[in-house]
1. Can you list the trypsin sites (Lys or Arg not before Pro) in the range 194-288 that are in a DSSP coil and have 14 or fewer other beta carbons within 10 angstrom?
2. Carbon-plus-sulfur fraction of the accessible area of the range 256-352, 1.4 Å probe, in percent?
3. Please work out the average accessible area per residue across the range 1425-1497, using the 1.4 Å probe convention, and give it in Å².
4. Would you please put 1529-1538, 1067-1076 in order of how densely packed they are, using the mean number of other Cβ atoms within 10 angstrom per residue and starting with the highest?
5. Enumerate the amide H contacts of ARG139 below 5 Å, restricted to partners 5 or more residues apart or on another chain; note that Pro and chain-start residues carry no placed amide H.
6. Tell me, how many Å apart are the Cα centres for the range 810-883 and for the range 199-238?
7. Specify whether the C-alpha gyration tensor of the range 804-866 places it in the rounded, prolate or oblate class, a ≥ b ≥ c being the square roots of the eigenvalues: rounded for a/c under 1.5, otherwise prolate if a/b is larger than b/c and oblate if not.
8. Could you tell me the relative contact order of the range 1417-1556? Use alpha-carbon pairs under 8 Å, at least six residues apart, and round to a whole percent.
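The values are calculated or read from the model by the stated rules, or taken from the named source; none is laboratory data. This one's a predicted model, so the numbers in the text were calculated from it and none came from an experiment. No Cβ is skipped: glycine too gets one built from the backbone with ideal geometry, and neighbour counts run over all protein chains shown. When the accessible area is computed, the model is the full protein with side chains, heavy atoms only, and any ligands, DNA or RNA have been set aside. Shrake-Rupley method; radii C 1.70, N 1.55, O 1.52, S 1.80 Å.
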Amino acid sequence: MASELDPEVQALDRTLLECSAEETAGKWLQAVDLTREVYQHLAHYVPRIYCRGPNPFPQKEDMLAQHVLLGPMEWYLCGEDPAFGFPKLEQVNKPSHLCGRVFKVGEPTYSCRDCAVDPTCVLCMECFLGSIHRDHRYRMTTSGGGGFCDCGDPEAWKEGPYCQKHELNTSEIEEEDPLVHLSEDVVARTYNIFAIMFRYAVEILTWEKENELPADLEMEEKSDTYYCMLFNDEVHTYEQVIYTLQKAVNCTQKEAIGFATTVDRDGRRSVRYGDFQYCEQAKSVIVRNTSRQTKPLKVQVMHSSLVAHQNFGLKLLSWLGSIIGYSDGLRRILCQVGLQEGPDGENSSLVDRLMLSDSKLWKGARSVYHQLFMSSLLMDLKYKKLFAVRFAKNYERLQSDYVTDDHDREFSVADLSVQIFTVPSLGMDPITRQVGQHIEMEPEWEAAFTLQMKLTHVISMVQDWCASDEKVLIEAYKKCLAVLMQCHGGFTDGEQPITLSICGHSVETIRYCVSQEKVSIHLPVSRLLAGLHVLLSKSEVAYRFPELLPLSELSPPMLIEHPLRCLVLCAQVHAGMWRRNGFSLVNQENKETGMENVIETVAHFSLTNYLMSLLTFLFSFIPKKQQQQKKTGVSMMDPNHFLMIMLSRFELYQVFSTPDYGKRFSSEITHKDVVQQNNTLIEEMLYLIIMLVGERFSPGVGQVNATDEIKREIIHQLSIKPMAHSELVKSLPEDVSTYIGLSSVTTPPLFFNRKPGLTGRGMYELKPECAKEFNLYFYHFSRAEQSKAEEAQRKLRRQNKEDTALPPPVLPPFCPLFASLVNILQSDIMLCIMGTILQWAVEHNGYAWSESMLQRVLHLIGMALQEEKQHLENAMEEHVVTFTFTQKISKPGEAPNNSPSILAMLETLQNAPYLEVHKDMIRWILKTFNTIKKIRKNSSTSPVAEAEGTIMEENSKDKDKAERKRKAEIARLRREKIMAQMSEMQRNFIDENKELFQQTLELDGSSTTVLNSSPVVSGMTLTALGPEQTRVPENKEFVTCILCQEEQEVNVESRAMVLAAFVQRSTVLSKNRNKFIEDPEKYDPLFMHPDLSCGTHTGSCGHIMHAHCWQRYFDSVQAKEQRRQQRLRIHTSYDVENGEFLCPLCECLSNTVIPLLLPPRNVFSSRLNFSDQPNLTEWIRTISQQIKALQSLRKEESAPNTASSKNSKNMDPLQLPEGFRPDFHPKNPYSESIKEMLTTFGTATYKVGLKVHPNEEDPRVPIMCWGSCAYTIQSIGKRFTACMVFCLTEVNGMDQENPTGEEELAVLALYKMLHQCTGRLYSGCTVCCYMYSFSFAVSGSNHFEHLCNYLSLPTNLICLFQRNSEIMNSLIESWCHNSEVKRYLQGERDAISYPRESNRLIDLPEDYSSLINQASNFSCPKSGGDKSRAPTLCLVCGTLLCSQSYCCQTELEGEDVGACTAHTYSCGSGAGIFLRVRECQVLFLAGKTKGCFYSPPYLDDYGETDQGLRRGNPLHLCNERFKKIQKLWHQHSITEEIGHAQEANQTLAGIDWQHL
């Protein structure tokens, strides 16, 4: 159909080109109804420009649109030729100090950790390099596209908001109206055209009817041409869409891939063009094929004119975005037009209409108008605020639309909240514990938990905002408190009041059971109020303006109720009481995850978040007006009342209020699970009390600053183990790791140790003196981390020969508002809890208790003692210390229980044999108790009491010393006894095996003799050729098979011993990678081309096996893999079908074996007399005869009908050498086993090198074998090959008339000989090279002499050329008449240069951001200029590729492969090294099924890589790591590295590497 329209289209194009933009604009200027004129123009021309056939022509359409549609608008706006009008606007414009550069996909962005208000504040590369932030701690990331540079926005930066380019001129008036720079006519015309075109674009893009247009745009003659339009979704896969399109529109797979790629990129694509029925048929097929399992693909049959107008609408929005770049005044006008309310009232502005239709638009339309918003509304500070108001009003609806939409958030207008704010507000339901059947699913739990996590950051930002102003803080506190009181006003749902009584204290509360009633962890209002309350303390507002705060109206029991319930919920989860709840079926395919596991995750989060909630309201002081100077007041809540409420919520009230409750309960075996649950709940309750009293390192709660807080976090993380920088930052809280650096904190508590080597990362280690600050119950420890930290610290103490007690650290004092929190530790209820648990431990057989429970009680006692000690040491004169914990624990219990005192029970437990682990801690407690008592006594005048305390302390010390001495003596006696037994056993063994020991001594002596008698090769002058060959004695060689462990001598007659080897094609040495073997079946590999375009490399791990052992091993591997494929068809690290296997010992990838052979001299010549060997002259003459004989034989074969007598006469005097006679068959000295392995190796090189099927009879097999050996030797040339060059230099500068020496005469003679043979003069130098191979070290004389001696050549030119002049002259003459030499002399070809320059990987920039910036400009070559999503750099040739994308897939050997895989075959003969730029990850590929990821050569300042650019630290090139990658490439170890990686990580085998 397209071909039929071609003449018509061409005629139409000519008509369109004849249109005049100036005339049209003039007509518009005279129009009475401008809107009607413009709409008529668009209705007439848009369908004639866009959508004229099945396939779009973007360049042609854009050219015509600019000429016919946009040109008149530009003429109208400027009032003159836009080529002159726009530069004038740009000249008078005063550009904004905002950068506003919209980021492309993959473009580098920078955020300053020191100065950015939040992590979303970023700079483009140009602004960053010109700002002060380049010298700060910055974070580098890659943009996903759509954001813009915040340079010039003072609200985004604490310091340095402007770069050098956008630096604000102090003389400029910031609030100046940009419209003053435009004339009134320009303003009026711009307003008119912007209003019409913006309204047109919005109306046509949000038009929902498929078969008609708005009335103003309807055509007079409507054609029957439609498009079947396929829309993108995030449900169906590429494969599903491709398969469906092939069936629906009868297209090829390649065409379907193109359709699918465009749909994924742009959001929609027409897949069929024709009449309505034709397109409707395709739609029905697509819907039917995709609706079986999920919702069907969205397909619409749209009239071509509607599609045309929508395409132009997108073009128009892009045009508006570019036009406003000429002037800020134009931008201001567009903002006014966009936000002006329409006739329909609220939400009728053009901006509102676009936002509210966002979820109905396709991906391409969304991206275009988002870009326009960012370049207009968000770039004008005045209208940015107005837009934020509109955005906030519609936010709830936008979020609801986003939830129902199936597109990613980056394509939703809701994502613009990053540029404005984030305020999600959705309901969160409570949950109830399941006690019967396991619940199947609880869908609201995941969403609520996710929203709670998102809210955490929002609440923190709100608190920071409130802290900026005291009035705001006070008002926010009042409002938040009022909302919370309203939410909790009155307890309902049958919550009845009850009275609790313990130890003479009573409190009224409500009857509530967490394990039976509804409970929720989502308490954002409580969390917000808690943070605001802490800010009252931190800012001292609570002390300076108490009359402005409603502190007296607070009801602590009610305010703490819901946070306390949440913490009890977490404790019950740990106790295993919520196993039957939630998420059992949500992710059933991956693993069964019960709600217990989910809440376990929530628990740590909740404890952290709601700890502040409890701290806020428990025991805050209400400042008294008359005592504001002293910052004192009265407590809001009795600690005894709080602890009783806590016991009630933990469902432990009966346990501690009823005498002998634990003993009666533990005797009932049927309640074993309940006993365990109670023990866990007690442990969790004690842990909560430890946190409440001990976590003081938040500014405002304790008298600390932010640095103290970070220091404590770091100390406790390093208490577990030394950590690398990335590991340490990851373990820190997000706000700490994001905004606060380690440099200001790390010096005192720890040091950074950079390990040497390529893989050695720098590690942070804790200094020993910081161990005293370790807190076993640090609230950011998980259970596993707490266990590891405890073990590590106890081990450290044992190494230092200290006791293993881990006492609580000395804590900073509370701020005055929270000072009474410490009274929890000395409250009567707390003492009751401590005494009860200690009593259980003393009578350990009668009660159900745990050591963990006891350990927490001991820790609490230690905290109380430390607190009292601090109070005494810091107490001023005449100041009464009210914290008297030591006195209270010294008193026994009152009647009727008459229980012993806590102190007495501790002394009893000190010697309990079943508490060996806790004895050191108990001793520390008793010692600290005595110290405190001594401090108290020192302040009194009672010498008797002081003496009693001293005696008591001395007695305790004496007991400790005696006990330790007794244990040490027992250990010494035990060691002596064991050593005596071992000595006796050793003597008996030697007496019984005297002969064996005698043989060992003799063997050691003989071995020493053999080693001493071996020749020292390095000191000898070795000669490899001629009659003067060095006589080296032969030594027998024995090797051991790694499979059967049998030792065997290597000789020609024995069974073959083989080396596991890997043969692969290689371009490592290539000088021409564009050259390929066209037809492998006809290719002649006899001569290796000097460009080494593609060679065959053989490598080996060096492990030796018997040939028959290897064959059995390989057969078993084959059988195993055949069975595996039937049950698990995935790629493995080796392909058995291609003869691959893993070395049995080192698991190196192999595909053949190399037989182990003796040196040829040992095989063919066993003599040590070489006097009959030819010298240089004889050798050259013999070789010349052999070549002539070979040439004669070839002539005879090519001309068999010529007279044989003539040939006979010519051949007789030559006396053909035996090896060149046609009937000669040399004797093969090797055994059949060795010959078979030689054939195996040769066939492997033939099959791999030529990529053909194996054929042992092909005469090219031995040639390929030798070619592989030659290529391998060249590839390892630096280790075994050296090149010597001696030159005839400056021949023209030599005095040719009067040569002075023999050497000069020889040089001159050689030069004249070359001149005579070639007829040319040489102005440079003549270079002759000898290449030799030897593996011994040379010393003494120079390398040239060793080379000449090794080759049995003279060491100077006189001997070489003049004494062998006859032979040398014939050689030179033959060389000069060679056809290739003549071509070189005539300039028709290049000379081969030796030594060859070794190939290297490409040079990489030192700064990784330069590489990111380079990749951000790379466009996909097959997607019409669209930026590549995964730009990948080939490190061999430097080509940038579009990886992991359907758009750039190509067909290779009948299979579709990705761009990287296809490139490996053209660049690396199947192996490739790539750098995935946006992931900062090296990719190794080998073939279509093998690959792995490798550490990149870029490191941050801490010696760590950043794969995925998650941390964003600046990265710089590490030359050592890059050299390691280069070494792997030079040594052909890429395939081996892949094999090892896939064996170590089985998930790599499941990746479809061919699609990369």
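1. Passing sites in the range 194-288 are LYS209, LYS222.
2. On the range 256-352, the fraction of accessible area on carbon and sulfur atoms equals 45 percent.
3. Details: 2000 Å² over 73 residues.
Accessible area per residue: 27 Å².
4. Numbers: 1529-1538: 20.5, 1067-1076: 16.1.
By packing density, highest mean first, the sequence is 1529-1538, 1067-1076.
5. Those qualifying (amide H under 5 Å, at least 5 residues apart or on another chain) are SER111, CYS112, ARG113.
6. Cα centres, the range 810-883 to the range 199-238: 75 Å.
7. Oblate, since a/c reaches 1.5 and b/c is not below a/b.
8. Contact order relative to length: 21 percent.
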